[in-house]
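Asker: What follows is a single structure, and I will ask about it in a moment.
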Amino acid sequence: MKRPMITGLLASAMTLGAVMPAFAEDITLTMWHQHPEWKDRTQAILDLFEESHPNITIELEEIAGTNYSARLNTALAAGEAPDLFGLPAGPETLAAAEAGYAMDLTGELDLSSLRDAAAEAIDQDGSVYGVPILGSYSVGLYYHRNIFDDLGLTPPSSQAEFLAMCASLKDQGITPLIVPASDGIVPSFMYMMMTASVLGVDGFAELRRGERKFTDPDLIEAARFLQDVGECMQPGALTTPYVEGKALAALGQGAMMPGGSGDYAGYVEINPDVDLGVVPFPGVGDNAPATVTGLEYIYLINSETEHEEAAKTFLQWMLGNDAQQLVVDTIMMTTNKNVVPSENRILEEFADAAASNDMRVFYELPETSNVWAVAQQNTAALFLGEMTPEDFAAAVQGAVVLSTE
């Protein structure tokens with residue numbers, strides 16, 4: 001629907017973005033990033049930028065994901081935000097722009113290297129406020145290959161296989177699934193993958209048009225599967241924060257864990273010997289297994305920056321082939337259509353997993369962005385039996401916002 005407008009943006013940006021100014025004085029750009037586990041890899045990319053732009057220094061501050069949003073919101077309100085900051089593509093980015101916090105980058109950068117899906121995701125009714133400099137991600141199911149090999153197991157592909165494996169592993173004294181569930185984020189990703197297995201791309205489009213509902217019987221089964229998976233998680237999962245859960249997973253304290261392509265770098269940081277594989281999350285009932293895919297935070301320029309041209313120069317360079325080759329080889333999947341992984345088995349497995357039944361994440365889309373928050377707030381109640389699958393489905397359906405156009 002928006003493709004002609006996006007094409008126009010790309011065409012105009014190619015001329016404007018191709019010429020970037022030189023800088024006579026030394027400039028320091030501040031940048032906030034929410035993945036401390038990527039610190040060394042991210043800094044290596046920034047070092048390469050600084051080598052080719054000796055007058056620009058990027059001062060990176062790493063903030064753990066659970067604290068990032070609160071700190072950024074406070075800093076924006078106080079006029080103390082960094083020159084460059086990340087937000088999810090979609091409604092949050094648009095809200096920041098409408099509040100006057102983000103610079104309008106429409107026509108200011110060459111976006112021709114972006115894959116079509118990425119270009120569409122950053123388009124806000126014809127305007128661009130941020131770009132995906134640290135790639136995209138898919139979410140699936142990690143498993144420890146050594147544990148599975150020792151037990152002669154094959155990764156599960158269906159609800160029945162998963163729950164049967166869960167029971168068998170528990171009988172052997174092995175925790176089936178590590179889930180950091182204290183903030184509801186990882187369980188919400190599981191729910192997205194379960195709904196993706198039922199809906200697929202076409203069904204998700206129907207849901208966004210109001211032709212399908214989360215309260216449809218087959219989607220209630222997705223909520224029921226999520227509730228049943230609670231029995232497979234480690235003791236104390238509902239009070240396990242992300243950092244602790246990631247460490248438990250990396251150290252092999254459970255056989256499987258839901259996670260994204262960007263999580264792998266963190267697992268290796270914790271345990272260099274970790275031996276993981278990736279498959280799509282088991283499907284609900286007889287449906288095919290599924291993954292979900294979205295952009296890593298897109299990066300915006302603070303509207304109050306004193307270094308607008310330097311910030312644009314940095315974002316343009318980050319979209320290029322050299323930077324994106326490092327992204328895909330060391331961190332996560334790239335949105336650059338000219339770049340492929342050199343040697344990265346995990347990202348190749350994620351690409352294979354996403355070929356099964358992939359769907360975009362809820363929070364990037366206006367109709368379902370609120371669904372993400374409602375699911376996140378209610379997964380604990382679902383696991384504890386304080387909310388039925390029917391009530392959970394009704395709650396998330398109530399968060400769907402249909403267009404009135």
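The values are calculated or read from the model by the stated rules, or taken from the named source; none is laboratory data. The shown structure was predicted, so the numbers you read here are calculated from the model rather than taken from an experiment. Virtual Cβ from ideal backbone geometry, glycine too; neighbours counted across all protein chains shown. All accessible areas refer to the heavy atoms of the entire protein, side chains included, with ligands and DNA or RNA removed. Shrake-Rupley method; radii C 1.70, N 1.55, O 1.52, S 1.80 Å.
Asker: Got a number for residues in segment 181-202 being outside any helix (DSSP H, G or I) and open to solvent by 10 Å² or more (accessible area, probe 1.4 Å)?
Answerer: Residues that pass the stated criteria total 2.
Asker: Turning to a different aspect of this structure: If you take the residues in segment 265-287 that are of a type in the set (A, V, I, L, M) and touching a Phe, Trp or Tyr at 6+ places or on another chain (Cβ under 9 Å), which one is farthest from residue 354 (Cα to Cα)? Working first, answer last.
Answerer: Step one: list which residues in segment 265-287 are of a type in the set (A, V, I, L, M), which gives 265, 268, 270, 274, 276, 278-279, 284.
Adding the requirement that they be touching a Phe, Trp or Tyr at 6+ places or on another chain (Cβ under 9 Å) leaves 265, 274, 276, 278-279, 284.
Numbers: 265: 19, 274: 23, 276: 17, 278: 10, 279: 9, 284: 16 Å.
If we take residues in segment 265-287 being of a type in the set (A, V, I, L, M) and touching a Phe, Trp or Tyr at 6+ places or on another chain (Cβ under 9 Å), then 274 is farthest from residue 354 (Cα to Cα).
Asker: Please verify whether residue 253 is surrounded by 19 or more Cβ atoms within 10 Å (Cβ to Cβ) and either touching a residue at least 60 places away in the same chain (Cβ under 8 Å) or not aromatic (Phe, Trp, Tyr) (or both), treating the condition exactly as stated.
Answerer: Numbers: surrounded by 19 or more Cβ atoms within 10 Å (Cβ to Cβ): no; either touching a residue at least 60 places away in the same chain (Cβ under 8 Å) or not aromatic (Phe, Trp, Tyr) (or both): yes.
For residue 253, the condition - surrounded by 19 or more Cβ atoms within 10 Å (Cβ to Cβ) and either touching a residue at least 60 places away in the same chain (Cβ under 8 Å) or not aromatic (Phe, Trp, Tyr) (or both) - is not met.
Asker: Check segment 219-236 and report whether any residue there is closer than 19 Å to residue 353 by Cβ, open to solvent by less than 50 Å² (accessible area, probe 1.4 Å), of a type in the set (Phe, Trp, Tyr) and in contact (Cβ under 8 Å) with a residue 60 or more places away in the chain.
Answerer: Scanning segment 219-236, I find at least one residue that is closer than 19 Å to residue 353 by Cβ, open to solvent by less than 50 Å² (accessible area, probe 1.4 Å), of a type in the set (Phe, Trp, Tyr) and in contact (Cβ under 8 Å) with a residue 60 or more places away in the chain, so the answer is yes.
Asker: Moving on to the next point. Might you let me know whether segment 296-317 holds any residue that is within 30 Å of residue 222 (Cα to Cα), open to solvent by 20 Å² or more (accessible area, probe 1.4 Å) and either free of Cβ contacts under 8 Å to residues at least 40 places away in the same chain or aliphatic (A, V, I, L, M) (or both)?
Answerer: No, segment 296-317 has no match at all.
Asker: Further question on the same structure: When segment 203-218 is examined, which residues are found to be basic (Lys, Arg) and either buried (at least 24 other Cβ atoms within 10 Å of the Cβ) or not in a helix (DSSP H, G or I) (or both)?
Answerer: Of everything in segment 203-218, those that are basic (Lys, Arg) and either buried (at least 24 other Cβ atoms within 10 Å of the Cβ) or not in a helix (DSSP H, G or I) (or both) turn out to be 212, 213.
Asker: Return the total of residues in segment 37-56 being buried (at least 16 other Cβ atoms within 10 Å of the Cβ) and touching a residue at least 24 places away in the same chain (Cβ under 8 Å).
Answerer: The initial filter retains those residues of segment 37-56 that are buried (at least 16 other Cβ atoms within 10 Å of the Cβ), namely 37-38, 41-42, 45-46, 49, 53, 56.
Narrowing further to those that are touching a residue at least 24 places away in the same chain (Cβ under 8 Å): 37-38, 41-42, 45, 49, 53, 56.
Of the residues in that region, 8 qualify.
Asker: Report those helices (runs of 4 or more DSSP H) wholly inside segment 51-156 carrying at least 2 residues which are under 26 Å from residue 351 (Cα atoms).
Answerer: Ranges flagged: 116-122, 145-151.
Asker: Can I ask one more? If I filter segment 137-152 for residues that are under 27 Å from residue 296 (Cβ atoms), open to solvent by 10 Å² or more (accessible area, probe 1.4 Å), out of contact with any strand residue (DSSP E or B) (no Cβ under 8 Å at 6 or more places or on another chain) and of a type in the set (D, E, K, R), do I get at least one hit?
Answerer: Checked segment 137-152: no residue is under 27 Å from residue 296 (Cβ atoms), open to solvent by 10 Å² or more (accessible area, probe 1.4 Å), out of contact with any strand residue (DSSP E or B) (no Cβ under 8 Å at 6 or more places or on another chain) and of a type in the set (D, E, K, R).
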